[in-house]
1. Straight-line reach from LYS130: which lysines fall under 20 Å, measuring Cα to Cα and dropping same-chain residues less than 8 apart?
2. Applying 1/(1 + (r/R0)^6) with R0 = 30 Å to the Cβ-Cβ distance of LEU27 and GLU438, what FRET efficiency is obtained, to the nearest 0.05?
3. Which value in nm describes the separation of the simple spin-label points at ARG428 and TYR173, placed 7 Å from the Cα toward the beta carbon?
4. For PHE164, which sequence-distant residues (separation of 5 or more, or a different chain) have an amide H within less than 5 Å of its own amide H, given hydrogens modelled in the peptide plane?
5. Please get the size of the charge dipole for the chain, origin at its Cα centre, with Cβ charges of +1 on Lys and Arg and -1 on Asp and Glu, quoted in debye to the nearest 20.
6. Once every DSSP H run of n ≥ 4 in the chain is given -39500 (n - 2.57) and the sum is divided by its residues, what mean residue ellipticity at 222 nm do you get, rounded to the nearest 500 deg cm²/dmol?
7. Under the rule a/c < 1.5 gives rounded, and otherwise a/b versus b/c splits prolate from oblate, where does region 337-381 land using the Cα gyration tensor?
8. Determine, for each peptide in 198-206, 292-300, the mean count of other beta carbons within 10 angstrom over its residues, then list the peptides with the highest first.
Amino acid sequence: MNADEMIRLCKAHTMYTWNAGDNVNPLPVERAEGVYMYTVDGRKILDWNSQLMSVNIGHGHPRVVEAIANQARQLCYAFPASATAIRARMGKKLADVVPGDLNTFFFTLGGAEANENAIKAVRQYSGRQKILTRYRSYHGATNACMQATGDPRRWASEPGAPGFVKVMDPWPYSFSFGRTEAEITEQNLKYLDETIMYEGPHTIAAMMIETVTGTNGILPPPQGYLKGLRALLDAHGILLICDEVMAGWGRTGKLFAFEHGDIVPDVLTMAKGLSSSYAPLGCMALSDPIADYFRTNVFWGGLTYNSHPIGLAAAEAAIDVLLDEGLVENAARLEPVMRAEMDRLVEKHPSAKAGRCIGLFGMMDVQKNGQGDLIAPYNGTHPAMKRLGRFFLDNGLFTFVRWSHFMCNPPLCITEEQLHEGFAIIDRALDITDEVFEG
């Protein structure tokens with residue numbers, strides 16, 4: 001099938017996410033290998049975003065492909081109440097590698113389902129109903145997760161499920177809680193404590209956070225925030241859910257992002273890098289006290305594809321690749337390389353406001369003037385940013401351009417040479433936004 005026919009039929013008979021169908025201009029991908037994608041007409045494109053921040057081990061790894069094929073030959077599907085060898089192995093594997101007392105796992109098809117079930121679990125366990133979340137967050141497109149989300153994509157789903165209370169992040173969009181990271185942490189936690197007082201701590205089951213804010217900024221928490229948050233919530237008997245759908249499985253230079261803060265959440269959710277998206281899979285991990293509760297109390301949640309053998313087989317192999325090939329360590333090793341490239345571009349290009357990364361989880365911001373105002377408004381765009389995105393793709397680099405920002409999240413198998421290759425394209429592209437810089 002040629003590219004035009006592929007695009008025509010996809011647009012005619014399938015729906016695309018977060019867009020009107022007539023506005024979509026899909027990329028005709030034929031195959032992918034390592035850190036590169038290939039279009040139907042043979043173009044080679046550096047995958048600078050791991051597709052959807054998810055193909056952590058890179059594309060087409062033969063160990064994962066073979067594991068999927070072997071599982072398909074043996075057992076493609078088993079109903080959720082059954083026991084299978086792959087389910088047994090994966091539960092044990094996760095208990096061995098996930099830190100702390102997170103030893104019990106509920107397998108879903110993706111991150112949103114993992115978060116939906118986390119919300120159910122903490123409500124059922126605690127007997128409380130409210131969930132605290134943050135405005136700079138995205139937790140998924142299902143019903144409850146849309147209301148947990150602070151991202152403006154939730155607006156079209158409102159009014160939605162009740163019981164969600166949103167608070168400001170340590171890093172708000174337009175002001176600061178302080179000048180140093182210690183001040184920011186202290187002031188944000190004071191504000192959060194006051195919010196908890198107003199809401200009534202006895203009514204709040206849990207707070208759900210992206211351990212590192214993803215789509216809405218790629219924002220690592222300020223110094224001391226995770227430990228301070230954990231202590232504050234513990235003081236009020238409120239559980240902590242860490243959503244690591246995007247930040248988990250090596251993306252930040254540690255296996256899980258919460259390890260940077262020297263804490264362990266009560267509930268951990270994951271997907272994306274869990275199977276490196278070779279097959280759909282998500283997971284809710286429960287700490288021992290919560291898991292013990294559900295050994296004698298019904299968990300009121302269920303999915304036809306709970307513990308799907310194909311997804312579990314993909315994840316088992318993907319985790320082995322991630323660990324055996326040192327990809328978590330590679331992300332940590334290349335973090336200063338990425339940061340140095342970002343700093344170089346900020347120094348060179350007046351429109352480059354800032355860049356930040358933790359591991360290979362990065363983003364750059366584009367500004368419109370010397371006062372540091374972002375080039376596009378909140379939830380808005382700018383013609384130069386559209387041109388920037390077009391230049392990226394036309395010159396062999398795939399990533400997400402959103403509002404005033406663009407993502408830098410390559411597969412964790414990327415080499416230093418390939419990292420420089422991507423930033424060389426970005427370097428040329430930023431001339432576009434420099435042209436509209438107002439001085």
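1. In chain and number order, the partners are LYS120, LYS166, LYS190.
2. The computed FRET efficiency comes out at 0.40.
3. In this crude label model, ARG428 to TYR173 measures out at 3.4 nm.
4. Amide H to amide H, under 5 Å and 5 or more residues apart or across chains, PHE164 pairs with ILE131.
5. Dipole magnitude for the chain comes out near 900 debye.
6. About -12500 deg cm²/dmol.
7. Verdict is oblate for region 337-381.
8. 198-206, 292-300
Read the figures in this text as sums done on the coordinates, not as results from a lab. Not measured: the values here are computed from a predicted model. Virtual Cβ from ideal backbone geometry, glycine too; neighbours counted across all protein chains shown.
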